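> Take this structure first; my questions come after.
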There are 2 protein chains.
Amino acid sequence: MTAFSKDDAVHMARALRLASNGKYSARPNPMVGCVLVRGGEVIGEGWHAKAGEPHAEINALAAAGDARGATAYITLEPCVHQGRTPPCTDALLAAGVAELVVAAEDPYSSVNGKGIARLRAAGMPVRVGLMDKAAKELNRGFFRRVQTSKPFVRTKVATSIDGAVAMRSGESQWITGVPARVDVQRLRAASGAILTGIGTVLADDPSLTVRDKSIRAHSEQPLRAIVDSKLRMPHAANMLCLPGQTVIYCVDDTHREALQMKGAEIVRTAAEDELVSLAEVLTDLARRGINDLLVEAGPALLGSFVAADLVDELVIYQAPHIMGSETVAMLQTPAWTRLSDRRQLEISDVRRLGADTRITARFVRAC
Amino acid sequence: MTAFSKDDAVHMARALRLASNGKYSARPNPMVGCVLVRGGEVIGEGWHAKAGEPHAEINALAAAGDARGATAYITLEPCVHQGRTPPCTDALLAAGVAELVVAAEDPYSSVNGKGIARLRAAGMPVRVGLMDKAAKELNRGFFRRVQTSKPFVRTKVATSIDGAVAMRSGESQWITGVPARVDVQRLRAASGAILTGIGTVLADDPSLTVRDKSIRAHSEQPLRAIVDSKLRMPHAANMLCLPGQTVIYCVDDTHREALQMKGAEIVRTAAEDELVSLAEVLTDLARRGINDLLVEAGPALLGSFVAADLVDELVIYQAPHIMGSETVAMLQTPAWTRLSDRRQLEISDVRRLGADTRITARFVRAC
């Protein structure tokens, strides 16, 4: 068991906080924070803002100027490979850093323990594992993608307090208030891609963009992923005229050319009951560097995702209405006829947003 | 505007807290608390524990022994009439109390301002209105009954996170955990009556009693009210053998005698589409001194209550499950086909109970 002091915890907590500054911009890279401490005093701080730009360690070293003899607290193992920037291990050694405290090992195969091994081989003491759970949770999407070749899948849905999203007549409207909608903008901005189905596109012609200007300044528009088995996407769809990239997943790509002319990318997947293979969509998105996917879909597609056990987290915005029994449930699951078909969740957060309630829950997987 | 000091607020807050000691036992009387203060020091405290026993003021005076020159903080206007106990106004004057601070006037017609008037006529200064909102909220059932001849109606329902109570196949089971079930015991104990429908009786044969021993010590069993239009109540029903009283509301009382033999009381109401008039049930319960009614009903009866706008508060215990679309909604409202039929609520409390979430919400009435 590696020993960590209370001061170690204070500095690592600060490093984690710094890391989260990259929430809307670091992707596809992980968020990383670094704090340099000498004689009990913080002499430099840094975080990774954007892929291609300096890593957290480099920023912290630059802020410190002279970091000789310092202890470096880093939320993720320093890289040892030449990527778009030179290896951080070399920079830490060159700067004369005396000791390293690392929260979690980098799961990325080019690093994955090699950074720590390299530093130890060069004689630098490295302690690993302080707040590793928080560090992995912060980068859950990155860890998920690197370890499983799938993104972390979060779904978002707005319902009445009795779980309805529309009347059976089809009648529906925005039912949640402004704070909930602002919150959705944050979820979008923190996601590498936003996925929806062609049904929602045809019904609502959504933009799927981050419109909140205070957020938009820090990130590029998330990729838009559309599940559209028969490629019914209208050529005049709103999203095709907006900044950002649109990828359309289909099984029948007969009409692909006109959409490609509009700038959309068309990807054909294997067919499952004539529908797009959702598992294949996830693999393709991971290949594109998507760590975190936000699914904003109607009941049919949402039901397919949940029934296939492809969802990790559910965020429900519950408006304080009772809509009754002549309604459309938040997800369609026609094959679930027994109580044992239901899915178990674990609530991770419940809070009020204006008049609404936001419930965040993780799906509990049989291990 | 009457002036109150910070000390006044401290003592009244204490009196409100004392009042709530009568939560499970004061009914049909209101909960009342009293604090006697002299020279900045609390010299006596009391609350009303049980109908027929001394009122809060009398208990506080007894605790003080000598209360001459004291200021009395009382959460509800002192009674001026001879009820089961002598008037408190006289006791306060006889004890030489110098001043009175009252949270709310008693809505009960025999008091309703007369207590305050009597004390002022006798030369005692009385300040009224400190924390009146909290005082009325504490006794919302009592105020409701006295002012409208109906009880405060609270409904309780346990659902999945997507609003379902059972599979369409009828399959259902306890879905919430122990902390939620213990909480329901508290709701029951704080209610003068618990109401359910014959459907629930036939399906589950419930006892509708307070079984938690720590609570039971303080209160009598709530009245059991059963909505049973055609009087189908089984003579062997569990609840007919348990302590406490059962009242069955019907429109067809042909088979009343056998049930009366079993100790049940049968009440015939006007028929509304051949069903029991729920408004009449509420009036009858108020006449019986029920301040707070807890409705624990299945989707059909719950839907009727909500659609008739007879419910004040909804308590939802949400289990962290997704049950899907082939389910029974928490309330049946076949006549609600438009979005405008939905009912608006205002969330008053959201908290986690073990793995579950409890949402408490008030129905917002068009004024």
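The values are calculated or read from the model by the stated rules, or taken from the named source; none is laboratory data. On a predicted model such as this, the values are computed, not experimentally measured, just so you know. Note that each Cβ is placed from the backbone with ideal geometry, even for glycine, and that neighbours are counted across all protein chains shown.
> Having 2 or more residues that are of a type in the set (S, T, Y) is the bar; report the helices (runs of 4 or more DSSP H) wholly within region B:1-105 that clear it.
Fully inside region B:1-105 and qualifying: nothing.
> Does at least one position in region A:219-227 carry a residue that is touching a residue at least 40 places away in the same chain (Cβ under 8 Å), in a helix (DSSP H, G or I) and surrounded by 15 or more Cβ atoms within 10 Å (Cβ to Cβ)?
no
> Can you pull out the residues in region A:92-108 that are surrounded by fewer than 21 Cβ atoms within 10 Å (Cβ to Cβ) and more than 20 Å from the chain's Cα centre (by Cα)?
A:L93, A:A94, A:G96, A:A98, A:E99
> Quick check on my filter: what residues within region B:154-177 are outside any loop (DSSP other than H, G, I, E, B) and either within 14 Å of B:S325 (Cα to Cα) or polar (S, T, N, Q) (or both)? Break it down stepwise before answering.
So in region B:154-177, the residues outside any loop (DSSP other than H, G, I, E, B) come out as B:154-160, B:164-167.
Within region B:154-177, B:T155, B:T159, B:S160, B:A164, B:V165, B:A166, B:M167 qualify.
> List every residue pair whose Cβ atoms sit under 7 Å apart, with the two residues 6 or more apart in sequence or on different chains, where the first one lies in region A:279-303 and is within 15 Å of A:P30 (Cα to Cα) and the second, anywhere, is of a type in the set (V, I, T).
Pairs found: A:L293/A:V153.
> Also, I was wondering about something else. Taking region A:114-147 as the region of interest, how many residues are within 21 Å of A:D8 (Cβ to Cβ) and among the small types (G, A, S)?
5
> Give the residues of region B:278-318 that are assigned to a helix (DSSP H, G or I) and β-branched (V, I, T), sorted by residue number. Walk me through how you get there before you give the answer.
The first filter runs over region B:278-318 and keeps only residues assigned to a helix (DSSP H, G or I), leaving B:278-287, B:299-307.
The answer is B:V281, B:T283, B:V306.
> Okay, next question. Which one of A:R343, A:R365, A:R351 is under 30 Å from A:P28 (Cα atoms), facing another protein chain (nearest Cβ under 8 Å) and free of Cβ contacts under 8 Å to residues at least 60 places away in the same chain?
None of the others qualify; the one that does is A:R351.
> Is at least one residue of region A:1-11 hydroxyl-bearing (S, T, Y), modelled with pLDDT under 95 and loosely packed, with under 15 Cβ neighbours inside 10 Å?
Checked against the condition, which is being hydroxyl-bearing (S, T, Y), modelled with pLDDT under 95 and loosely packed, with under 15 Cβ neighbours inside 10 Å, region A:1-11 yields at least one hit.
> Just checking, how many residues over region B:325-341 are assigned to a strand (DSSP E or B) and within 29 Å of the chain's Cα centre (by Cα)?
The total comes to 2.
> For region A:317-332: of the residues being surrounded by fewer than 24 Cβ atoms within 10 Å (Cβ to Cβ) and within 7 Å of chain B (Cβ to nearest Cβ), which is nearest to A:N291 (Cα to Cα)?
Checking each candidate, the answer is A:Q332.
> Continuing with this model, one more query. Across region B:338-363, which residue is farthest from B:V157 (Cα to Cα) among those that are of a type in the set (S, T, N, Q) and surrounded by fewer than 23 Cβ atoms within 10 Å (Cβ to Cβ)?
B:S340
> For residues in region A:125-178 being closer than 30 Å to B:A164 by Cα and basic (K, R), which is surrounded by the fewest Cβ atoms within 10 Å (Cβ to Cβ)?
A:R168
> Now for a separate question. Which numbered condition trips up A:R118, out of (1) surrounded by fewer than 24 Cβ atoms within 10 Å (Cβ to Cβ); (2) touching a helix residue (DSSP H, G or I) at 6+ places or on another chain (Cβ under 7 Å); (3) closer than 15 Å to A:V35 by Cα?
Going through the list (1) surrounded by fewer than 24 Cβ atoms within 10 Å (Cβ to Cβ); (2) touching a helix residue (DSSP H, G or I) at 6+ places or on another chain (Cβ under 7 Å); (3) closer than 15 Å to A:V35 by Cα, A:R118 breaks only (3).
> Moving on to the next point. Just to verify a result, which residue in region A:127-171, among those that are more than 14 Å from chain B (Cβ to nearest Cβ) and among the aliphatic types (A, V, I, L, M), is nearest to B:D341 (Cα to Cα)?
Top of the filtered list is A:V153.
Residue by residue, here is whether (1) at pLDDT below 90; (2) over 13 Å from A:C34 (Cα atoms) holds:
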position: A:R68; (1), (2): no, yes
position: A:V80; (1), (2): yes, yes
position: A:P87; (1), (2): yes, yes
position: A:L100; (1), (2): no, no
position: A:E105; (1), (2): no, yes
position: A:G129; (1), (2): no, yes
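> Which of the residues that make up region A:233-277 are within 17 Å of A:T200 (Cα to Cα), surrounded by 15 or more Cβ atoms within 10 Å (Cβ to Cβ) and over 25 Å from the mean Cα position of the chain (by Cα)?
Listed by number, the residues that qualify are A:M233, A:A237, A:L275.
> Report, by residue number, each residue of region A:347-367 that is assigned to a strand (DSSP E or B) and of a type in the set (G, A, S).
Within region A:347-367, A:S348, A:A361 meet the criteria.
> If you don't mind, another one. Please go through region B:120-170 and give me each residue that is without any contact (Cβ under 8 Å) to a residue 24 or more places away in the chain and among the aliphatic types (A, V, I, L, M), ordered by number.
Result: B:A121, single match.
> Which of the residues that make up region B:212-231 are of a type outside the set (G, A, S) and either modelled with pLDDT under 90 or on the phi > 0 side of the Ramachandran plot (or both)?
Matches in region B:212-231: B:D212, B:K213, B:I215, B:R216, B:H218, B:E220, B:L231.
> Identify all residues within region A:106-153 that are of a type in the set (D, E, K, R) and outside any helix (DSSP H, G or I); write none if there are none.
Across region A:106-153, the qualifying residues are A:D106, A:R127, A:K150.
> Considering region B:235-245 alone, what residues qualify as being within 21 Å of B:L301 (Cα to Cα) and touching a helix residue (DSSP H, G or I) at 6+ places or on another chain (Cβ under 7 Å)?
Scanning region B:235-245 gives a single hit, B:A237.
> Residues in region B:182-196: is at least one modelled with pLDDT of 90 or more, more than 24 Å from B:L282 (Cβ to Cβ) and more than 14 Å from chain A (Cβ to nearest Cβ)? Show your work before the answer.
At the first step, the residues of region B:182-196 found to be modelled with pLDDT of 90 or more are B:182-196.
Adding the requirement that they be more than 24 Å from B:L282 (Cβ to Cβ) leaves B:182-183.
Remaining after also requiring more than 14 Å from chain A (Cβ to nearest Cβ): B:182-183.
Yes: one or more hits.
> Can you find even one residue in region B:15-25 that is surrounded by fewer than 19 Cβ atoms within 10 Å (Cβ to Cβ) and over 18 Å from B:E220 (Cα atoms)?
Checked region B:15-25: at least one residue is surrounded by fewer than 19 Cβ atoms within 10 Å (Cβ to Cβ) and over 18 Å from B:E220 (Cα atoms).
Yes/no matrix, rows are residues, columns are (1) touching a Lys or Arg at 6+ places or on another chain (Cβ under 7 Å); (2) farther than 24 Å from B:R145 by Cα; (3) not β-branched (V, I, T):
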{"site": "B:R14", "(1), (2), (3)": "no, yes, yes"}
{"site": "B:S20", "(1), (2), (3)": "no, no, yes"}
{"site": "B:K23", "(1), (2), (3)": "no, no, yes"}
{"site": "B:E41", "(1), (2), (3)": "no, yes, yes"}
{"site": "B:H48", "(1), (2), (3)": "no, no, yes"}
{"site": "B:G52", "(1), (2), (3)": "yes, no, yes"}
{"site": "B:E57", "(1), (2), (3)": "no, no, yes"}
{"site": "B:A60", "(1), (2), (3)": "no, yes, yes"}
{"site": "B:A64", "(1), (2), (3)": "no, yes, yes"}
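> Got a sec? Which of A:S214, A:S191 is farther than 19 Å from A:F152 by Cα and either in a helix (DSSP H, G or I) or among the polar types (S, T, N, Q) (or both)? If you could, list the steps in order and put the result at the bottom.
Values: A:S191 fails: farther than 19 Å from A:F152 by Cα.
Unique residue meeting the criteria: A:S214.
> Of the residues B:Q344, B:Q260, which is on the phi < 0 side of the Ramachandran plot and part of a strand (DSSP E or B)?
Every option except B:Q344 fails the conditions.
> Can you tell me which residue among B:A335, B:A307 is without any contact (Cβ under 8 Å) to a residue 60 or more places away in the chain, within 12 Å of chain A (Cβ to nearest Cβ) and crowded, with 18+ Cβ neighbours inside 10 Å?
Working: B:A335 fails: crowded, with 18+ Cβ neighbours inside 10 Å.
Sole residue among the options that is without any contact (Cβ under 8 Å) to a residue 60 or more places away in the chain, within 12 Å of chain A (Cβ to nearest Cβ) and crowded, with 18+ Cβ neighbours inside 10 Å: B:A307.
> Restricting to region A:278-304, name every residue that is surrounded by 19 or more Cβ atoms within 10 Å (Cβ to Cβ), more than 14 Å from chain B (Cβ to nearest Cβ) and more than 23 Å from A:I347 (Cβ to Cβ).
A:L278, A:V281, A:L282, A:L285, A:A286, A:I290, A:N291
> So, in region B:19-44, exactly how many residues are more than 21 Å from B:L285 (Cα to Cα) and without any contact (Cβ under 8 Å) to a residue 40 or more places away in the chain?
10
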